[in-house]
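Report on the structure given below.
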């Protein structure tokens, strides 16, 4: 269950990055809504990460943090490409793939 929580927390980390980018692009009331989405996503992400590192079968903080940031980083790159027209380059995608492999590797060698 804690691994599911950390994955969802990582997705919310991607969500707060998207909201931050959209808030920067927008103005007025729309910007306010994006800022509210940012705060909500950030809060949920942190809470879920806290739950994943607490209690029975807790994920070690070092592993949880690496997985959380890895999911957020990959999600941020994908969102940047799809929503913010960021470039898709071979080396960029190569290193995103190595990041994904690292997150999978951390899960594979984790004791919990």
- Item | Computed over the range 2-109, the ratio Rg/Rh where both radii use C-alpha atoms and Rh is Kirkwood | 1.03
- Task: Specify the angular offset, from 0 to 90 degrees and rounded to the nearest 10, of the alpha carbon long axis of helix 28-52 from the longest principal axis of the alpha carbons in the chain.
- Result: 0 degrees
- How far, in nm, would the chain grow between residue 4 and residue 36 when pulled straight, counting 0.36 nm per residue and subtracting the alpha carbon separation? 9.0 nm
- Under a Gaussian network model of the chain whose springs join Cα atoms within less than 10 Å, the largest fluctuation of 98, 63, 14 belongs to 98
- Query: In a GNM of the chain with a 10 Å cut-off on Cα contacts, which of 47, 12, 90 has the highest mean-square fluctuation?
  - Reply: 90
- Query: Rounded to the nearest 0.05, what FRET efficiency do residue 43 and residue 101 have when you use their Cβ-Cβ distance and R0 = 22 Å?
  - Reply: 0.15
- Message: Using only Cα atoms and rounding to the nearest 10 degrees, what angle (0 to 90) does helix 90-109 make with the longest principal axis of the chain?
- Response: 30 degrees
- Task: Round to the nearest 10 and give me the degree value, 0 to 90, for the angle of helix 61-84's Cα axis relative to the longest principal axis of the chain.
- Result: 30 degrees
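Quick note: the coordinates plus some simple rules give every number you see, no bench work behind them. Only a predicted model underlies this, so the values are computations on that prediction, with no experimental measurement involved. All Cβ positions, even for glycine, are placed from backbone atoms using ideal geometry, and neighbour counts span all protein chains on display.
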